[in-house]
Amino acid sequence: FYAEPDLHARLMKIIAKRLGHLLLGRVEDAKIAVSNGGRGVVPMSEVEAGLASELDTPMLETVLEAKCAAIVDTARRAVSLAGISAEKVQTLYFTGGSAALPALRDAFGAAFPQATPVFGDPFGSVAKGLGIRAARLFR
């Protein structure tokens, strides 16, 4: 909102000091804290002394509601294109990233009620899967 000089000055400081990636990392850390049942805090003292933003579960769910719905809708379409019904999906495999969001897991559970949720290693499942695939391709 450029009509508010203080907010514009903050934005310009973030750009001038190249703080975007730093702040993005802090937002990610806050999202992870909230996903694990805590509260997230995004400190921004580099922008303004004492500036911080708090994140909690209801806020995160509100902000991500449309994105979660779009992800689940895409999964429903993929299942439909595969020629199977939602009731035939047996397993929902969750690993890392957004899969840690309780709201997203709950939405998938509602979309595929017969499926059993399985939780992979959030830090290693993707790399392990790539290793398995590479071993099959390059034997």
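Could you give every pair whose Cβ atoms fall below 9 Å, whose first residue belongs to region 58-74 and is more than 12 Å from Leu101 (Cβ to Cβ), and whose second residue is of a type in the set (Gly, Ala, Ser), counting only separations of at least 6 or pairs across chains?
Every condition considered, the pairs that remain are Ala69/Ala107; Asp73/Ala111.
Name the single residue, out of those in region 31-62 being touching a Leu at 6+ places or on another chain (Cβ under 9 Å) and small (Gly, Ala, Ser), that is modelled with the lowest pLDDT.
Ser35
Only residues that are closer than 15 Å to Ala103 by Cα and either free of Cβ contacts under 8 Å to residues at least 60 places away in the same chain or hydrophobic (A, V, I, L, M, F, W, C) (or both): list them for region 32-54, please.
The answer is Ile32, Ala33, Val34, Gly37, Gly38.
Looking only at region 88-139, how many residues end up being acidic (Asp, Glu) and within 17 Å of Cys68 (Cα to Cα)?
1
Taking the residues in region 108-131 that are open to solvent by 80 Å² or more (accessible area, probe 1.4 Å) and in a helix (DSSP H, G or I) as candidates, determine which candidate is nearest to Ile32 (Cα to Cα).
Val126
Show the residue pairs meeting these rules: Cβ distance below 8 Å; 6+ apart or different chains; first residue within region 5-30 and closer than 16 Å to Ser45 by Cβ and modelled with pLDDT under 95; second residue β-branched (Val, Ile, Thr) and open to solvent by 70 Å² or more (accessible area, probe 1.4 Å).
The qualifying pairs are Ala30/Val41.
The values are calculated or read from the model by the stated rules, or taken from the named source; none is laboratory data. Here the structure is a predicted model, which means the values were calculated and not measured. All Cβ positions, even for glycine, are placed from backbone atoms using ideal geometry, and neighbour counts span all protein chains on display. For the accessible areas, the whole protein counts, side chains as well, though only heavy atoms, and no ligand, DNA or RNA atoms are used. Shrake-Rupley method; radii C 1.70, N 1.55, O 1.52, S 1.80 Å.
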